[in-house]
1. Pull up all non-local amide H partners of Asp64: gap of 5 or more, or a different chain, and H-to-H distance under 5 Å with H placed in the peptide plane.
2. Roughly what % antiparallel, to the nearest 5, for the DSSP beta bridges in the chain?
3. Select from the stretch 1-84 those trypsin sites (Lys or Arg not before Pro) which occupy a DSSP coil region and have at most 16 other Cβ atoms within 10 Å, ordered by residue number.
4. Work out from phi, with θ = phi - 60° and the Karplus expression 6.51 cos²θ - 1.76 cosθ + 1.60, the ³J(HN,Hα) of each residue of the stretch 43-53, listed in order in whole Hz, and give x for Gly and Pro.
5. Could you work out the relative contact order of the stretch 26-92? I mean the mean sequence separation of Cα pairs under 8 Å and 6+ apart, divided by the number of residues, in percent.
6. Quick one: which residues, 5 or more positions from Thr58 or on another chain, have an amide H under 5 Å from its amide H? H modelled 1.01 Å from N in the peptide plane, none for Pro or chain starts.
7. Check which residues have an amide H placed less than 5 Å from Lys24's amide H, if you skip close sequence neighbours.
8. For the stretch 23-37, take each phi angle, set θ = phi - 60°, evaluate the Karplus expression 6.51 cos²θ - 1.76 cosθ + 1.60, and give the result in whole Hz per residue in order, putting x for glycine and proline.
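What follows draws every value from the coordinates through simple rules; no lab data is involved. These figures come from a predicted structure and were not determined experimentally. Positions of Cβ are backbone-derived with ideal geometry, glycine not excepted, and every protein chain shown enters the neighbour counts.
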Amino acid sequence: MAHKKSAGVSKNGRDSNPKYLGVKLTPGSAAKKGSILVRQRGSDVMAGRGVSMGKDHTLFAIVDGIVAISYKRKANFDNTTSKKKVMSVLKA
C-alpha cells in the first residue's frame, strides 16, 4: 500500500481577479464629462442630476461640475421606506 497522497488533489488552487469597485470621485471634487464616479454591483447609489448609469450600474458624469451626494427616501413594494444615496454633478 502507498503511504503518500497522490499529486494533484487540491481544492483551493484558484483565485479571481480584483474588480476595483467603489467610489472613484468623492463629494466636493471636480468631475469632467465622462469621468467615472462609482463602480458598483447593483444600484446601491442612484444617479441624480448630471449623472448617468451604465449597463453595469457604473455612475459617470455627463456634465462638468462638482460632485455632491444627497439622500432620498424611496418607497418599497411592501410599503416600507428606505434611504438611498443619490450622486449628482452640479455645474460650477
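1. For Asp64, whose amide H was placed from the backbone, the distant partners under 5 Å are Lys33.
2. On the way: 19 of 22 bridges.
In the chain, DSSP labels about 85 percent of beta bridges as antiparallel.
3. On the way: sites: Lys4, Lys5, Lys11, Arg14, Lys19, Lys24, Lys32, Lys33, Arg39, Arg41, Arg49, Lys55, Lys72, Arg73, Lys74, Lys83, Lys84; in loops: Lys4, Lys5, Lys11, Arg14, Lys19, Lys24, Lys32, Lys33, Arg41, Arg49, Lys55.
Filter output for the stretch 1-84: Lys4, Lys5, Lys11, Arg14, Lys19, Lys32, Lys33, Arg41, Arg49, Lys55.
4. 9, 5, 10, 8, 8, x, 5, x, 10, 10, 10
5. Details: 155 pairs, mean separation 24.6, N = 67.
Reported as a whole number, the value is 37 percent.
6. Those qualifying (amide H under 5 Å, at least 5 residues apart or on another chain) are Gln40.
7. Long-range HN contacts for Lys24: Val38, Arg39.
8. 7, 9, 10, 7, x, x, 8, 7, 10, 8, 4, x, 6, 7, 9
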